[in-house]
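Visitor: Just dropping this structure here.
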Amino acid sequence: MIEQLMEKILATGANIYSLTAIEDGQVHTYKIRPANPCNDTYSVAKAFTMSAIGLCYDRGLLKPSDKVCDIFRGQLPADMDERWEEVTVDNVLRHRMGTTKGYLDIDVEDINDYPTDDLLSMVFSAKIEVDPGEKYCYSDAAYYLLSRVVTQVSGEGMDDILMREILRPLGCREAAWSKCPRGYAMGATGLYIRSIDIARLGQLYINEGMWEGKQILSSEWVSLAKEREYSLVLCRNGGYTKGGMRGQRLYFNPKTNVAIGWTAYDPDGKNKPILEYIADIDI
């Protein structure tokens with residue numbers, strides 16, 4: 001199946017830098033276009049931030065039903081929309097905070113134009129316009145907030161926890177995060193890693209949170225993340241995927257025991273047929 005996929009990629013001329021596929025435990029890495037070893041995975045970073053929330057869940061530090069205002073009590077803006085009090089961690093994970101437009105996207109916005117260097121206050125300054133949980137509205141603000149949630153409940157930077165508890169055990173050689181002016185990982189974007197690190201996260205979810213005999217994430221969290229589609233989209237073939245700007249991709253399928261990660265430069269969406277192909281051939 002992986003050979004078929006590579007033939008498709010080469011035939012379409014998809015601008016993918018590096019692709020790693022793990023099929024039945026066998027790792028295959030293909031260098032397709034010249035590029036740096038580590039690249040910005042853009043919104044694929046959200047799947048890693050979601051996993052950091054899972055670490056906190058497994059340690060009893062939070063529940064998806066927890067209200068985010070309770071977590072940040074004492075740090076909330078005085079003029080905050082009172083409906084923020086209704087927003088849960090689950091709402092934030094599923095981009096259903098109640099806001100109706102995306103914001104805090106540093107990949108398209110100039111952070112120097114923001115009115116403050118306190119991005120947490122910017123998150124909570126948005127108006128809640130619909131009932132939390134009701135309407136899907138994709139926003140990088142949500143996953144910056146989750147990065148801050150991890151730090152607030154654990155007392156550590158999210159990037160530090162992820163490196164120690166997930167990335168290093170998975171064999172990640174190096175990683176770096178884009179950070180806000182106050183030094184917190186952005187959470188929604190800006191994670192620089194290799195394609196193999198993306199694929200290994202997918203394999204971790206296929207393994208129900210187990211890696212080389214160690215339970216890194218609980219099977220309970222893995223099931224919850226897939227069921228609630230916490231930064232994972234269910235494909236028609238039973239696999240799950242998370243994309244990132246410029247064509248980055250995480251894909252894994254528990255039915256076929258295949259996990260794929262790739263980095264790319266695809267501003268025009270020319271790589272989209274590759275994902276459609278994966279879903280169609282039950283890879």
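Visitor: Going by the structure shown, is V150 farther than 29 Å from N257 by Cβ and either surrounded by 18 or more Cβ atoms within 10 Å (Cβ to Cβ) or in contact with a helix residue (DSSP H, G or I) (Cβ under 6 Å, 6 or more places away or on another chain) (or both)?
Guide: yes
Visitor: Checking the structure you have, find out if any residue of segment 244-264 is without any contact (Cβ under 8 Å) to a residue 40 or more places away in the chain, closer than 21 Å to G25 by Cβ and of a type outside the set (V, I, T).
Guide: Checked segment 244-264: at least one residue is without any contact (Cβ under 8 Å) to a residue 40 or more places away in the chain, closer than 21 Å to G25 by Cβ and of a type outside the set (V, I, T).
Visitor: In the set I71, I53, which member is touching a residue at least 60 places away in the same chain (Cβ under 8 Å) and closer than 30 Å to S18 by Cα?
Guide: Result: I53 is the single residue among I71, I53 that is touching a residue at least 60 places away in the same chain (Cβ under 8 Å) and closer than 30 Å to S18 by Cα.
Visitor: Okay, next question. If I ask for residues that are open to solvent by less than 30 Å² (accessible area, probe 1.4 Å) and not in a helix (DSSP H, G or I), which ones from segment 219-239 would you list?
Guide: Within segment 219-239, Y230, S231, L232, C235, N237, G238, G239 meet the criteria.
Visitor: Right, another one. In the set R173, R194, which member is out of contact with any helix residue (DSSP H, G or I) (no Cβ under 8 Å at 6 or more places or on another chain) and under 17 Å from G244 (Cα atoms)?
Guide: The match here is R194.
Visitor: I've got another one for you. Quick check on my filter: what residues within segment 267-278 are under 20 Å from the mean Cα position of the chain (by Cα), surrounded by fewer than 22 Cβ atoms within 10 Å (Cβ to Cβ) and touching a residue at least 24 places away in the same chain (Cβ under 8 Å)?
Guide: The answer is L275, and nothing else.
Visitor: Test T116 against the criterion of being on the phi < 0 side of the Ramachandran plot, buried (at least 22 other Cβ atoms within 10 Å of the Cβ) and in a loop (DSSP other than H, G, I, E, B), and give yes or no.
Guide: When the stated conditions are applied, T116 does not pass them.
Visitor: Quick one: Y192 ticks every box in (1) within 30 Å of H28 (Cα to Cα); (2) open to solvent by 40 Å² or more (accessible area, probe 1.4 Å); (3) part of a loop (DSSP other than H, G, I, E, B) except a single one, so which number is it?
Guide: (3)
Visitor: Still on this model: Give me the pairs: first residue in segment 144-173 and more than 11 Å from R200 (Cβ to Cβ) and in contact (Cβ under 8 Å) with a residue 60 or more places away in the chain, second residue polar (S, T, N, Q) and in a helix (DSSP H, G or I), beta-carbon distance under 6 Å, and six or more apart or on different chains, which are they?
Guide: Hits for this filter: L146/T49; S147/T49; M158/S147; M158/T151.
The values are calculated or read from the model by the stated rules, or taken from the named source; none is laboratory data. From a predicted model like this one, the values you see are computed outputs, not experimental measurements. All Cβ positions, glycine included, derive from the backbone under ideal geometry; neighbour counts span all protein chains shown. Only protein heavy atoms, including side chains, enter the accessible area calculation; ligands, DNA and RNA are left aside. Shrake-Rupley method; radii C 1.70, N 1.55, O 1.52, S 1.80 Å.
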